[in-house]
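See below for the structure under consideration.
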Amino acid sequence: MKQILRKVGDSIRNNRIFQSGRPIIQKMQKLELGLMVRFGLAIFLSAGILSMGKAMGIGQSSIIRIFFGIIFIGIFPGDAFLLVMFPRRKSLDPLERFIFTIIISVIIIALVGFLLNYTLWGITLESLLFATDIIIVICYAIFFFQRREIRKMEIKTEHETLGTRSIESKPKPSRKAVLSIAASLIGLIALILLIGLSGPSEKYTEFLILDDKNQLGIERNNFTLGETLPINLVVINHEGRTEIYYLFLIDNNNSITRIASVPLDDQKQWIQLFQIDLLETGENQVFKFVLYREGDVEPYRSLQIVISVYK
Amino acid sequence: MKSFLHTLPRELDRNLAIVALALSVLGFLTLAITSSNTSNIIIIGFLGASFFVYLVLRPTIQPRNIQLLHSSEASEASEDVILAINISFLVLLFFSVFLIITRSDTYTRPVSFFVIAAILVGIIAAEILFSGKDTLSDYSILIKIILLGILLRWVSLVMFPSSVWFDPWYHKRIIETILSTSHIPQVGLQSYEKLPVYHVLISALSQFTGLNFKGSFLIFICPVIVIAQALLIFMIGNVFIPGKKIPLLASLLLMIGDYNISNGIIEFPNGFAIIFILAVIYINLKMQKFASVRWIVLAIIIMLTIILTHTLASMAMAILLLFFWLSSIIYRWLFWESEKRLIASLSLAMLFTITMFTWWMYASGHYIFIVKAITWAFQADNYFTEAPIKALEYISSVPILETLMDKLGFTVYFFFSSIGCLFLISPRSGSRISGFVYSFGSIVLAVIGFLGTVFNLLFIPTRWIFMSQMTLSIPAAIGICMITSRIMVNRRIWIACLVSGMAFFTISNTMANFDTPVLSPKMTIRVSLYSSELQSIDTITAYTKKTISVDQLAFAYIFNTKEEKIQLINKSLDSMDFTPLMGSVIILRKSIIDDPFYASSSIWRIYYDPRILLLNEGINCVYDSGSTMAYFRTKDDSIP
């Protein structure tokens, strides 16, 4: 008798009997509210994605656009589908619902895209968004019309559970678990930092030879005496700062000529036409173009052409 | 005979271990005599050792050795210990990120990163072993495992500007075509035209978020793969292993698996399809206990998606379903148990297999690969063929110790897995039909992968090893607990140290880490292009209409992003004669001169400087960016 009284007392304290005894209508109101929030969010995200997509196009993104897109693609189609497939809260545990929501979401998006491929619209932002929204709305609508049955079943289950097992208040999460969860969530910041500050970038300079038609290399290997060999020398700076370059030509006789000193801003290109007068005959004459950066002792880049000059 | 049939089920694990040990010894001796591939010999050696160790441990192993981790013997740690573990986790996580951000070399991680990451793994393992039984603790550990998994994958992706490996360039091209034309490109049969799930998904991501191919992979696909793998392995483990610690440990081991890391950073559909396979495995195991039409519908939807995602993943799924069914039948026969339901019904397996072949036959055209594989199988010359001489010379030049260090993490992982598999097969494990069947399915994937490697088979063995490494993480966790079962003092700390040590070798070996030579400098091959290399190729191709001659990695980039005529320089590199390439622009990346590289599906290393050779042959050096050089000489040598 004492035990029964204690059970009843616990039940009243935990408000379980009252909760389960609530009219179905009240429970449904809660459910409808949840559904409306879901539906509203889906429409809000769709509208956001569409407007940002229209404004920015493909290839341009912002944190909000990425966030909206990922949440929409990763959650809503799967959530709506699983609500129809497993409408009762307890038919899936939270982990199952979470992971299958993601999996089904990506599947729905991909399959919708695949089907759209065979339509006139094709796989565009508008068609994908519209088709996915239709699926989401249909699923939510089915769930909406199922809700009375679902809640009836849930309440029945709750009654049965109350009748068969002792009522225990939901265990409070331990401090250790809360601590651990907090640490895990703080850890997320580390990954955001990794993406945000990816570290040093590569620094380099491009040095190339173009012919007078702006094609890489030289057009011919053999020339006649007295001809001039026109070449374009190009330097492109990717050093992340302004650099001063010095260009030298080392000819077949190992004589060195300073061609230019070039101050060049980062991501800028320097191009200059340079003419070599071919005044000596000989096969396989070597002309070296050497690039130094200010402060360098060793050549930074070097190019070489080999030509033959005939009478 | 009757007594044998009576004892067979009870002694099945022992009999299998004896047979496997004998086969391993035979395989070891055969390879030691006939093959110069040290890594295969090491793998077989370790496998043999695992069977031997299982036979030694077996008499004393009880289910409680595995369950010890969640019994009263393993008392919960105090709040201070959990606090210390969590603070250490956070400090080391931030420190590891700090090491990456402040690295001195753009494309190399500091070695200390690998040490810190391995310690992080040890800390998570410690938290698994010391934590309480509440669900929230499990969730927090799962979040940590996921964070670690993402960290290990993102590092390489963040450091390199382009895709990793060769295939992603091809997938990128398909996605870019979808984005520009709004339709999947019709490139004919045996392409991804009829297997477009991955490509359509990334196209949708790009349209919804504005991210490019790599950005979409980095921000969405990679984390989804990690999250799905971690959670599904945890959930699968929960189906047949009592307690949460082994499933959590399995989830952690999966995150540090070298093949898993490697395939988690390559932007290709196979790596993505894996999450669907895990989902179907989970549903099948779950349906053995709680069958419902809704779960079957869910399984069918996911299975259809696998068919539309990747051929190898579909094949693996079909094999798994068939073996699940077959091993369920064997289980029922062996143990005379009237299990209500099998794991995977024959009808489900047949439905999947027939649908898959029908799709390949009438839609995608991939049946031709099966035809090729069968034709190839009947050509006896193909067996025991080895890599080309150049590759063999190089591989055999790698010191055995270096190969051993490089393969240590991988082999130890499979060492533990095979012990765990044998235990799951034994009735003493208490995992009943689910553990038995799961173990068999995992073994089949691993066997296909290993035989494929040894016999040089056609069907990309590394992908099968990757898939088996995923499913074998649960047996690996069991194996670790078995190995440490005789340790009486501080067993949990020993387990954490063991996992941490193993993690160092798996995350720093050449499979998981292609950027930083740690364990085997001679085997580390960078499979992603530098910014300067990409820019150089862009500049060169912008200023020429000539044919481009390049190595394999640059070839993949140019072939899939440019309209240039291209050819490979492998033959000239091999013959040291570049005159056949005269008239084309020869692009040389400095890394193929200084380091080993991939050519003709093997590892190559050249021991001369082709730049000198090219200049000596009178070919002009017309481009230099430090990391990339271009050489060109017109074919026209007519004297004016």
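The values are calculated or read from the model by the stated rules, or taken from the named source; none is laboratory data. This one's a predicted model, so the numbers in the text were calculated from it and none came from an experiment. Positions of Cβ are generated from backbone atoms using ideal geometry, with glycine treated the same way; all protein chains shown enter the neighbour counts.
Quick one: would you say B:ILE85 is closer than 21 Å to A:ALA182 by Cβ, touching a residue at least 12 places away in the same chain (Cβ under 8 Å), more than 9 Å from every other protein chain (Cβ to nearest Cβ) and in contact with a helix residue (DSSP H, G or I) (Cβ under 9 Å, 6 or more places away or on another chain)? When the stated conditions are applied, B:ILE85 does not pass them.
Quick grid of which residues meet (1) at pLDDT below 95; (2) more than 25 Å from A:LYS30 (Cβ to Cβ); (3) out of contact with any Pro (no Cβ under 7 Å at 6 or more places or on another chain); (4) of a type in the set (S, T, N, Q):
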position: A:PHE68; (1), (2), (3), (4): no, yes, yes, no
position: A:LEU125; (1), (2), (3), (4): no, yes, yes, no
position: A:GLN146; (1), (2), (3), (4): yes, no, no, yes
position: A:THR157; (1), (2), (3), (4): yes, no, yes, yes
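Here the condition is being within 10 Å of another protein chain (Cβ to nearest Cβ), under 23 Å from the mean Cα position of the chain (by Cα) and on the phi > 0 side of the Ramachandran plot; of A:GLY113, A:GLY69, A:GLY53, A:GLY59, it holds for A:GLY59 alone.
Residues that are under 16 Å from A:SER184 (Cα atoms) and in contact with a Ser or Thr (Cβ under 8 Å, 6 or more places away or on another chain) were ranked within the stretch B:140-168; the one that is surrounded by the fewest Cβ atoms within 10 Å (Cβ to Cβ) is B:ILE143.
Going by the structure shown, is A:ASN232 free of Cβ contacts under 8 Å to residues at least 60 places away in the same chain, in a strand (DSSP E or B) and among the polar types (S, T, N, Q)? Here the answer is yes, as A:ASN232 does meet what is asked. Annotation note: Cβ proximity below 7 Å between a residue of the stretch A:286-311 that is in contact (Cβ under 8 Å) with a residue 40 or more places away in the chain and closer than 17 Å to A:VAL234 by Cβ and a residue that is of a type in the set (A, V, I, L, M) and not in a strand (DSSP E or B) (sequence gap 6+ or interchain) occurs for A:ILE305/A:ILE218. Do we find that B:SER112 is at pLDDT 95 or above, assigned to a helix (DSSP H, G or I) and either within 30 Å of A:GLU239 (Cβ to Cβ) or aromatic (Phe, Trp, Tyr) (or both) in this structure? Answer is yes for this residue. Considering (1) within 27 Å of A:GLY282 (Cα to Cα); (2) in a loop (DSSP other than H, G, I, E, B); (3) out of contact with any strand residue (DSSP E or B) (no Cβ under 8 Å at 6 or more places or on another chain), the lone condition that B:PRO580 does not fulfil carries the number (2). Of all residues in the stretch B:175-195, at least one satisfies being more than 10 Å from every other protein chain (Cβ to nearest Cβ), of a type in the set (Val, Ile, Thr), crowded, with 23+ Cβ neighbours inside 10 Å and in contact (Cβ under 8 Å) with a residue 24 or more places away in the chain. Of all residues in the stretch A:116-126, those that are at the interface with another protein chain (Cβ under 8 Å from one of its Cβ atoms) and under 22 Å from A:SER51 (Cα atoms) total 5.
Scanning the stretch B:401-449 for residues that are closer than 20 Å to B:PHE466 by Cα and among the polar types (S, T, N, Q) gives B:THR403, B:THR411, B:SER417, B:SER418, B:SER439, B:SER442. B:ASP138 meets all of the listed conditions (1) among the charged types (D, E, K, R); (2) touching a Lys or Arg at 6+ places or on another chain (Cβ under 7 Å); (3) more than 30 Å from A:VAL178 (Cβ to Cβ) but one, namely (3). Scanning the stretch B:100-119 for residues that are more than 9 Å from chain A (Cβ to nearest Cβ) and over 20 Å from B:PRO521 (Cβ atoms) yields B:ILE116, B:ILE119. Condition check for A:SER91 on (1) free of Cβ contacts under 8 Å to residues at least 24 places away in the same chain; (2) farther than 16 Å from B:SER292 by Cβ: one failure, at (2). From the residues in the stretch A:199-229 that are of a type in the set (Ser, Thr, Tyr) and not in a loop (DSSP other than H, G, I, E, B), which one is farthest from the other protein chains (Cβ to nearest Cβ)? Within the stretch A:199-229, the match that is farthest from the other protein chains (Cβ to nearest Cβ) is A:THR228.
Filtering the stretch B:422-464 to residues that are under 19 Å from the mean Cα position of the chain (by Cα), crowded, with 18+ Cβ neighbours inside 10 Å and not in a helix (DSSP H, G or I) leaves only B:LEU457.
If you go through the stretch B:200-216 and keep only what is more than 7 Å from chain A (Cβ to nearest Cβ) and either farther than 29 Å from B:ASN284 by Cα or surrounded by fewer than 22 Cβ atoms within 10 Å (Cβ to Cβ) (or both), you end up with B:PHE213, B:LYS214, B:GLY215, B:SER216.
When B:ILE586, B:ILE603 are checked against the criterion of being in contact with a Pro (Cβ under 9 Å, 6 or more places away or on another chain), modelled with pLDDT under 95, of a type in the set (A, V, I, L, M) and not in a helix (DSSP H, G or I), B:ILE603 stands alone in meeting it.
Candidates in the stretch B:564-585 are the residues that are in contact (Cβ under 8 Å) with a residue 12 or more places away in the chain and out of contact with any helix residue (DSSP H, G or I) (no Cβ under 7 Å at 6 or more places or on another chain); of these, the one that is nearest to B:ILE603 (Cα to Cα) is B:ASN570. Taken residue by residue, the stretch A:91-105 has no member that is at the interface with chain B (Cβ under 8 Å from one of its Cβ atoms) and closer than 21 Å to A:MET36 by Cβ. Number of residues in the stretch A:232-251 that are more than 20 Å from B:THR539 (Cβ to Cβ) and either crowded, with 16+ Cβ neighbours inside 10 Å or within 13 Å of chain B (Cβ to nearest Cβ) (or both): the value is 4.
Within the option set B:PHE220, B:PHE276, B:PHE272, B:PHE234, being in contact (Cβ under 8 Å) with a residue 12 or more places away in the chain, in contact with a Pro (Cβ under 7 Å, 6 or more places away or on another chain), within 12 Å of another protein chain (Cβ to nearest Cβ) and in a helix (DSSP H, G or I) holds for one residue only, B:PHE234.
Of all residues in the stretch B:127-141, those satisfying the criterion of being closer than 17 Å to B:SER500 by Cα and facing chain A (nearest Cβ under 9 Å) are B:GLU127, B:ILE141. Of all residues in the stretch B:72-109, how many are hydroxyl-bearing (Ser, Thr, Tyr), closer than 30 Å to A:TYR204 by Cα and either modelled with pLDDT under 95 or not in a helix (DSSP H, G or I) (or both)? Residues meeting the conditions: 5. Whether a residue is of a type in the set (S, T, N, Q), within 23 Å of B:LEU519 (Cα to Cα), more than 9 Å from chain A (Cβ to nearest Cβ) and touching a strand residue (DSSP E or B) at 6+ places or on another chain (Cβ under 9 Å) was assessed, and B:SER162 does not pass this test.
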